[in-house]
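The next block holds one structure in the form of structure tokens; read it before the comments.
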Amino acid sequence: MTTEKPALPRPKLGEPYLLTPGPLTTSIETKEAMLRDWGSWDGDFRAMTAEMRTGLVELLGDGKEAYDCVPMQGSGTFAVEAMLASFTAKDKKTLILSNGAYGKRAVETMQYLGRPVAVLDKGDYLPPRGDEVAKLLAEDPEISHVVVVHCETSSGILNPIEEISDAVAAAGRTLLIDSMSAFGAVPLEPGKLQFDAIVSSANKCIEGVPGFGFILAKKSALEAAKGNSHSLSLDIHAQWAHMEKTGQWRFTPPTHVVAAFLEALRAHKAEGGVAGRGARYAENRDVMVAGMRELGFETLLDAQWLSPIIVTFFCPADPAFQFSRFYDLMKARGFILYPGKLTVVESFRVGCIGQMDSYVMREVVTAARDVLAEMGVESATPPAEALIERARLAA
């Protein structure tokens, strides 16, 4: 006899659920961890920083011994720029695999850095494939590094990271992974993938709050990065070397955010680590997608590409549907959605991560059904051009 899992506690302050890819809904314990002040130079806080760094390296699993963790103050984009500036070559090309907003942002970052790039642009949602990467690397020996976004949240696609890693390794090049929205819920094991560094953020799948990102990099790559960065504050080697020597951050750390993150990291471990967290998010996705499809909504992506992080739905063709009103009415029922980023057809996104479970996702579907009725939307079927776009992806 199996017993159903108890529901997660609801937000204590009654705030709406954030159905977004981060910031996201956090536990009350994580919030309460921020109530105490910490001295950034004090031994207690240095111990917190050490615990956090060790705990994050542990999440890599098999092969983790070759890596170290470097936290970096600021938003996720700060940490991505730090990774690109510290590890890419100034005199060789970096190949950016772009299939959404965050691949495009990586290209823009490299342009600001004045470093040469090549771009594989797959549009809004098509995945970069290993054979495409292998072909480009074979054709251009000037490419030294490849950058890929693990989960491109503009569409919700989970890119085929293993085949990309295999192609890059076979060509003798170096892989950098923007795993901002996936790390902690989707495995990234050095025993199965070859990469020099990955980057993620406190307010994603570990379920902390915004304030810093972190880079997990090979120690050999960290040593080789000395003097490569364009920036004083975003120099990963300098941050790492200072932490190794003193245990402290170089500049004022987000002390309260680190305390919250440690609480979240302990909860992550108690849930079963990457596998446990990923299983809950996958169940959230499956319950929500099944319910939304029953209402007539259609997903942009086929099942094989759906990530457990966020799902893109086409907006209904029914003229009574207006996303802005749909958003407001869903918020009034306790759910904050995420606007779409597609350029071809209108869409919206529903996040699956944060302190939410399948009970909440069933409530999301019920709320969507009631909102459609209130708006007078008779059918959630998308316009024909949306299905044509999806057929292109399936092909």
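The values are calculated or read from the model by the stated rules, or taken from the named source; none is laboratory data. Every value quoted in this text rests on a predicted model; they were computed, and no experiment measured them. A quick note on method: Cβ atoms are made from the backbone with ideal geometry, for glycine too, and the neighbour counts reach across all protein chains shown. Calculation scope for accessible area: heavy atoms of the full protein, side chains included, ligands and nucleic acids excluded. Shrake-Rupley method; radii C 1.70, N 1.55, O 1.52, S 1.80 Å.
Take the alpha carbon atoms of region 272-395, find their radius of gyration, then divide it by 2.2 N^0.38 Å using N residues; give the quotient.
1.03
If you take every DSSP beta bridge whose two residues both sit in the chain, what share of them, in percent to the nearest 5, is antiparallel?
50 percent
What number, rounded to the nearest 500 deg cm²/dmol, is the helix-based mean residue ellipticity at 222 nm of the chain, given -39500 (n - 2.57) per DSSP H run of at least four residues and division by all its residues?
Theoretical 222 nm ellipticity from helices: -12500 deg cm²/dmol.
Amide H neighbours of residue 67 under 5 Å, at least 5 residues apart or on other chains, H built in the peptide plane: list them.
Counting only residues 5 or more places away or on other chains, the set is 219.
Excluding same-chain residues fewer than 8 positions from residue 135, which aspartates and glutamates have a Cα within less than 17 Å of its Cα?
Result set, ordered by chain and number: 121, 162, 163, 166.
List the lysines whose Cα sits under 17 Å from the Cα of residue 219, skipping any in the same chain fewer than 8 residues away.
Output for residue 219: 64, 245.
Give me the extension gain from residue 91 to residue 373: residue separation times 0.36 nm, minus the current Cα-Cα distance, reported in nm with one decimal.
Contour length minus Cα-Cα distance gives 95.7 nm.
If you put +1 on each Lys and Arg Cβ and -1 on each Asp and Glu Cβ, how big is the dipole of the chain around its Cα centre, in Debye rounded to 20?
Values: 40 positive and 50 negative charges, 117 e Å.
For this selection, approximately 560 debye.
Pick out which of 14, 340, 103 has the largest mean-square fluctuation in a Gaussian network model of the chain, springs linking Cα atoms closer than 10 Å.
Highest fluctuation of the listed residues: 14.
What is the Å³ per residue value for the convex hull set by the Cα atoms of region 232-302? Please list the in-between numbers first.
Details: hull volume 13.1 nm³, N = 71.
Considering the Cα atoms of region 232-302, their hull volume per residue is 184 Å³.
What is the set of long-range amide H partners of residue 59 at a cut-off below 5 Å, with H atoms built 1.01 Å from backbone N?
Those lying under 5 Å, H to H, from residue 59: there are none.
Which value, in Å to one decimal place, does the Kirkwood hydrodynamic radius take for region 333-395 when every pair of different Cα atoms is included?
13.9 Å
Please state the shape class of region 175-333: rounded when a/c is under 1.5, otherwise prolate if a/b exceeds b/c and oblate if not, all from the C-alpha gyration tensor.
prolate
Between region 265-307 and region 89-123, what is the C-alpha centre distance in whole Å?
Region 265-307 and region 89-123 have Cα centres separated by 30 Å.
Over region 34-186, what portion of Cα pair distances is larger than 27 Å, expressed as a whole percent?
28 percent
Give the accessible surface of region 18-123 per residue, rounded to a whole number of Å², with probe radius 1.4 Å and ligands, DNA and RNA excluded.
The answer is 42 Å² per residue.
Using Cα positions and a limit of under 15 Å, work out the aspartates and glutamates in reach of residue 92, with same-chain residues fewer than 8 apart set aside.
Excluding near neighbours in sequence, the set is 139, 140, 142.
Which whole-number percent is the relative contact order of region 240-395 (Cα, under 8 Å, 6+ apart)?
Reported relative contact order: 27 percent.
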